[in-house]
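Written below as structure tokens is the structure these notes are about.
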Amino acid sequence: MDKNSIAAPGAQVEKLGEGYKFTEGPVADAKGNVFFTDQPNNKIIRWDAETSQFSTFSDKAGRANGMYFDKKGNLVACSDEDNQVWSFDKKGNPTVLVKEYDGKLLNGPNDLWIDPKGGMYLTDPLYPRDYWKRDPKMQQDGEHVYYLSPGSKALVRVDDKLKKPNGIIGTADGKKLYVADIGANKTYLYDIAKDGSLTNKILFVSKGSDGMILDNEGNLYLTGDGVTVFDKTGEKIAHFPISKGWTANLCFGGKNRDLLFITSETAVYGIKMRVKGVK
């Protein structure tokens, strides 16, 4: 199987926009518009699926990194300026959802996924930031994965055995979760129990990732050196070189959810796909 079987026939990676400092956290809303962050500039940018134009959604984004939409259309962001998780309404007004675990600050929320029930999975690695006013040392007793059940305000720790968890994505049916341990260069697959806890952890591939996404055929897309795609069995089926720098994250956007939208350092890229994103 080659990359052309998941990309649209003849499709090439194209630069969609540039001039940013470091792009991250892309996620599409219900209409396929993509929101992504320029973390050093503290902005969330919106790419319009109809016009391909860019606009600023928030210029006080709490240094947002990974993001995901909840069922109500709020944009939930790992805003690590104060080690918190924020929720932005449709006008860009933020509310703080999470500010601590066990009475202590988080290390720096990095990426999140919201399950079909409205529960949230969150990775909390330590990447010291030059904009932090707090002590840059580890705040927790390690770098862990957390779960926030629907309606709860208290995080539950669901994996404390990883070195540096980063990218996270779950299946549309809410039954499986992938977590990339970028520190150990591995990606794990878990079963999600009814209470949100994680069971049956297995090594999916011996490769870590920054952000991750799944398509409608169950293929998993890992980032770092471009985009590397693995099928459900863990077999590598494609690699898309993106830029010379670090490819941080990606999502499926556009009106038909068939544009693979990729953030890579100072620019954002896109490639038309045969496969589509999962709603």
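The values are calculated or read from the model by the stated rules, or taken from the named source; none is laboratory data. Since the model is a prediction, treat every value here as computed from it, not as a measurement. Cβ: placed from backbone, ideal geometry, glycine included. Neighbour counts: every protein chain shown.
Flag not set for Phe35, criterion: of a type in the set (Phe, Trp, Tyr) and farther than 23 Å from Tyr121 by Cα. Which members of the stretch 223-279 meet the condition of being of a type in the set (S, T, N, Q), surrounded by fewer than 17 Cβ atoms within 10 Å (Cβ to Cβ) and out of contact with any Ser or Thr (no Cβ under 6 Å at 6 or more places or on another chain)? Scanning the stretch 223-279 gives Thr233, Asn256, Thr266.
Residues being in a helix (DSSP H, G or I), modelled with pLDDT under 95 and surrounded by fewer than 17 Cβ atoms within 10 Å (Cβ to Cβ) are entirely absent from the stretch 60-74.
Only residues in the stretch 116-138 that are in contact (Cβ under 8 Å) with a residue 60 or more places away in the chain and part of a loop (DSSP other than H, G, I, E, B) count as the first member; pair them with residues that are crowded, with 17+ Cβ neighbours inside 10 Å and not hydroxyl-bearing (Ser, Thr, Tyr), Cβ under 6 angstrom, at least 6 apart or cross-chain, and list the lot. Within 6 Å, the pairs are Gly119/Gly196. Within the stretch 1-42, the set of residues being of a type in the set (A, V, I, L, M), assigned to a loop (DSSP other than H, G, I, E, B) and crowded, with 21+ Cβ neighbours inside 10 Å comprises just one member, Ile6. Filtered by the rule that a residue be closer than 22 Å to Thr171 by Cβ and not polar (S, T, N, Q), the stretch 226-239 gives Val227, Val229, Phe230, Asp231, Lys232, Gly234, Glu235, Lys236, Ile237, Ala238.
For residues that are over 19 Å from the mean Cα position of the chain (by Cα) and either in a loop (DSSP other than H, G, I, E, B) or among the hydroxyl-bearing types (Ser, Thr, Tyr) (or both), scanning just the stretch 100-110, find the one that is surrounded by the most Cβ atoms within 10 Å (Cβ to Cβ).
Checked the stretch 100-110; the qualifying residue surrounded by the most Cβ atoms within 10 Å (Cβ to Cβ) is Tyr101.
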